[in-house]
Amino acid sequence: MEQQVGDMFKASGDFANAMWALVITYTFSVLGAVILLIVGWIVAALVQRSIKNAFLKFENVDRTLAGFFGNIGRYGILTIVIIMVLGQFGVQTASILAALGAAGLAIGLALQGTLQNIAAGIMLLVLRPFRVGEYISTGSIDGTVQEVGLFATELKTFDGLFRLAPNSTLWNVSITNYSRVTQRMHELAIGIGYDDDLKKAIEILLDLARNNENVLADPEPYAFVKELGDSAVVVAMRYWAPGSVWWKTTHIMTRDAKLAFDEAGISIPFPQVTLSTLDEEEKPLEKVGDTTDKPAEKS
């Protein structure tokens, strides 16, 4: 009986020692995991800030792009820290990495179009073919850029409509940026009558350019005869204006040219078509039928 009691105490002592050793072991593991999480969180924040500051040192890099790469660095550090914490508790990290790789591949295939927009957004933010506030046109998409994001670009059309364009559609086509240049050329072409004073028409156009404050003196406006048309002599003038007021200047110049020509008595003829008819004697004979002799029918 005493031996059984002794064996029970001995077993109880062994169990207590084992539990104590287990508590100590997992206590150190938990403490190590907590320390890893704290240190990892601090390091991730420092890496994120360093990446953002490094990208912001370059003038051509957008803040959106700097924040994007900063977040990638932060979440990458946190992912490594979580895997290390799981390793503290005896979890097989190799299987976790394999599962993450398979999940990443599946997500990449499922979000292929989205990833393509992200890649295009990064290239647009790096190369900067357009900026916020600039008016662009791709043939099918045009408007003033409101925001350039990683997935899509927000635009406002000339008539005030909101348009959201995926970045991939803007990256794979030619882009015309109307706001990037400081000055633009415009050709104003007007047809006048053949009997009108050609030199006077050219001088009127040049005077309009000289008196318009938005028309640049350098390059100097140039007027010339562009075409001898069927019903009019096409007089043209090329002038340069600042890009910010180019549209307004072209509208004003077109209006003033019409008014100045009317005041000077210079006509702007309509397209004319001359029709000529033949006299009755000159008309060709119409063929009404076959007049050749036919053999008489047998009775």
Residue list for region 164-176, restricted to those being open to solvent by less than 30 Å² (accessible area, probe 1.4 Å) and either part of a strand (DSSP E or B) or more than 24 Å from Leu124 (Cα to Cα) (or both): Ala165
Conditions (1) over 30 Å from Pro129 (Cβ atoms); (2) of a type in the set (A, V, I, L, M); (3) open to solvent by less than 40 Å² (accessible area, probe 1.4 Å): number failed by Val215: (1)
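To keep it simple, each residue is scored yes or no on (1) among the polar types (S, T, N, Q); (2) modelled with pLDDT of 90 or more.
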residue: Arg131; (1), (2): no, no
residue: Phe151; (1), (2): no, no
residue: Trp171; (1), (2): no, no
residue: Gln183; (1), (2): yes, yes
residue: Tyr194; (1), (2): no, yes
residue: Ala209; (1), (2): no, yes
residue: Leu216; (1), (2): no, yes
Residue list for region 118-163, filter: outside any loop (DSSP other than H, G, I, E, B) and of a type in the set (Asp, Glu): Asp142, Glu147, Glu154
Single match in Asp218, Asp230, Asp207 (criterion: charged (D, E, K, R) and in contact with a Pro (Cβ under 8 Å, 6 or more places away or on another chain)): Asp230
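Yes/no matrix, rows are residues, columns are (1) of a type in the set (Val, Ile, Thr); (2) open to solvent by less than 80 Å² (accessible area, probe 1.4 Å); (3) in a helix (DSSP H, G or I):
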position	(1), (2), (3)
Ser179	no, yes, no
Gly191	no, yes, no
Lys200	no, no, yes
Ile204	yes, yes, yes
Asp207	no, yes, yes
Where Arg184 falls short, out of the listed (1) under 36 Å from the mean Cα position of the chain (by Cα); (2) charged (D, E, K, R); (3) part of a helix (DSSP H, G or I): (3)
Among residues of region 193-236, those that are more than 21 Å from Thr249 (Cα to Cα) and of a type outside the set (A, V, I, L, M), counted: 12
Residue within region 147-154 that is among the hydrophobic types (A, V, I, L, M, F, W, C), open to solvent by 70 Å² or more (accessible area, probe 1.4 Å), more than 30 Å from Ile268 (Cα to Cα) and in contact with a helix residue (DSSP H, G or I) (Cβ under 7 Å, 6 or more places away or on another chain) present: yes
Criterion violated by Ser140 - all others in (1) modelled with pLDDT under 90; (2) surrounded by 16 or more Cβ atoms within 10 Å (Cβ to Cβ) satisfied: (2)
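The values are calculated or read from the model by the stated rules, or taken from the named source; none is laboratory data. The model shown is predicted, which means the values in this text are computed figures rather than measured ones. We place every Cβ from the backbone using ideal geometry, glycine too, and count neighbours over all the protein chains shown. We work out accessible area using only protein heavy atoms, side chains counted, and drop any ligands, DNA or RNA first. Shrake-Rupley method; radii C 1.70, N 1.55, O 1.52, S 1.80 Å.
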